[in-house]
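Please read the structure below before turning to the comments.
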Amino acid sequence: MKKVALITGASGGIGLEMARVYAASGYDLALTYYTHPEPVVDLIVELEKKYNGKYTMHIVDMSKDELIEKLVKDVMAEHGRIDTLINNAGISIDKIFGEKTTDEFRYTMDVNVVGVFTLSRLVGDIMYKSGSGSIINVSSTNGINTYFPMCVDYDASKSALISLTHNLAIQYSPFVRVNAVAPGFIGTPNEIDNMDAEYIASEKEKILTHTIGEPRDVAELCAFLSSEKAKFINNTVIRIDGGMYGSM
């Protein structure tokens, strides 16, 4: 039976590339979205033409426990197993610090942290009972030591994900490996389209490779962490940032 990867936030640049890489690695996929189904629909058509896999899409609001519970039930009903969970869904409400509201801060934490906790606990229990599994949390260098007051809620949530990673790894040992990846400047269309060339050039100067990362870089790292090649990598956080100055 083919392995199954559940990838949240599959409608964005990194999530879409995650799906492509895991499908190419032979996984069946359960892909989630919330507000933009079109990219996932198009992706599934693309993958079905290339691979002999089963690909399902699921709408879920990661701030709602009942919808997360329904997601897991639906995925298990349609696929029968979950071998890898990629907690990629997340939001960022970028506002000047003084304009950011408590409700906005709370909503970011609900989606980026509480929802991940709820989903990871449900899936972690399934994996533990099956005797194997891999959970990967997509954090950020913003959660380590690169901070921006306008992203205070996002930064706090990504830092919390790192703590959650360590606790989940302990809770679900020895059968489930739990790791986090911390991307730096990754050139997703949403980011690049809203930035001028001068700003991008200045940001490249902060990176030792003088390049911007691509979504596939993150996807390939996660696929490696899910594989048997990474069977002794557990309870760790891997930066993928080209050696960004502020995250050393």
Exercise. Which residues, counting only those in segment 73-85, are outside any loop (DSSP other than H, G, I, E, B) and out of contact with any Phe, Trp or Tyr (no Cβ under 8 Å at 6 or more places or on another chain)?
Worked result: K73, D74, V75, M76, A77, E78, H79, L85
Exercise. Hey, among G213, G184, which residue is closer than 23 Å to D94 by Cα and crowded, with 22+ Cβ neighbours inside 10 Å?
Worked result: G184
Seminar exercise, completed: Of those in segment 44-73 that are of a type in the set (D, E) and over 20 Å from the mean Cα position of the chain (by Cα), the residue farthest from G12 (Cα to Cα) is E66
For this session: Considering each residue of segment 89-143, count those that are under 16 Å from the mean Cα position of the chain (by Cα), of a type in the set (A, V, I, L, M, F, W, C) and more than 17 Å from N167 (Cα to Cα), and give that number.
Result: 4
Problem set entry | Given (1) buried (at least 20 other Cβ atoms within 10 Å of the Cβ); (2) outside any loop (DSSP other than H, G, I, E, B); (3) not hydroxyl-bearing (S, T, Y), number of the condition M57 does not satisfy | (1)
Seminar exercise, completed: The residue that is surrounded by the fewest Cβ atoms within 10 Å (Cβ to Cβ), considering only those in segment 224-248 that are modelled with pLDDT under 95 and among the hydrophobic types (A, V, I, L, M, F, W, C), is M248
Exercise. Does segment 136-151 hold any residues that are buried (at least 18 other Cβ atoms within 10 Å of the Cβ), assigned to a helix (DSSP H, G or I) and not small (G, A, S), and which are they?
Worked result: T141, N142, C151
Problem set entry | segment 47-79: number of residues that are among the hydrophobic types (A, V, I, L, M, F, W, C) and within 14 Å of I126 (Cα to Cα) | 5
Problem set entry | Options K95, K70: the member that is basic (K, R), out of contact with any Phe, Trp or Tyr (no Cβ under 8 Å at 6 or more places or on another chain) and in a helix (DSSP H, G or I) | K70
Exercise. Of the residues that make up segment 92-103, is at least one surrounded by 15 or more Cβ atoms within 10 Å (Cβ to Cβ) and either closer than 20 Å to H58 by Cβ or at pLDDT 95 or above (or both)?
Worked result: no
For this session: Residues that are under 15 Å from M18 (Cβ atoms) and touching a residue at least 24 places away in the same chain (Cβ under 8 Å): find the helices (runs of 4 or more DSSP H) completely inside segment 164-248 holding 2 or more of those.
Result: 215-226
Problem set entry | Conditions (1) touching a His at 6+ places or on another chain (Cβ under 6 Å); (2) charged (D, E, K, R); (3) in contact (Cβ under 8 Å) with a residue 24 or more places away in the chain; number of the one not met by K158 | (1)
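The values are calculated or read from the model by the stated rules, or taken from the named source; none is laboratory data. Small disclaimer: the values here were computed from a predicted structure and weren't measured. With ideal geometry, Cβ positions are generated from the backbone for all residues, glycine too; neighbour counts draw on all protein chains shown.
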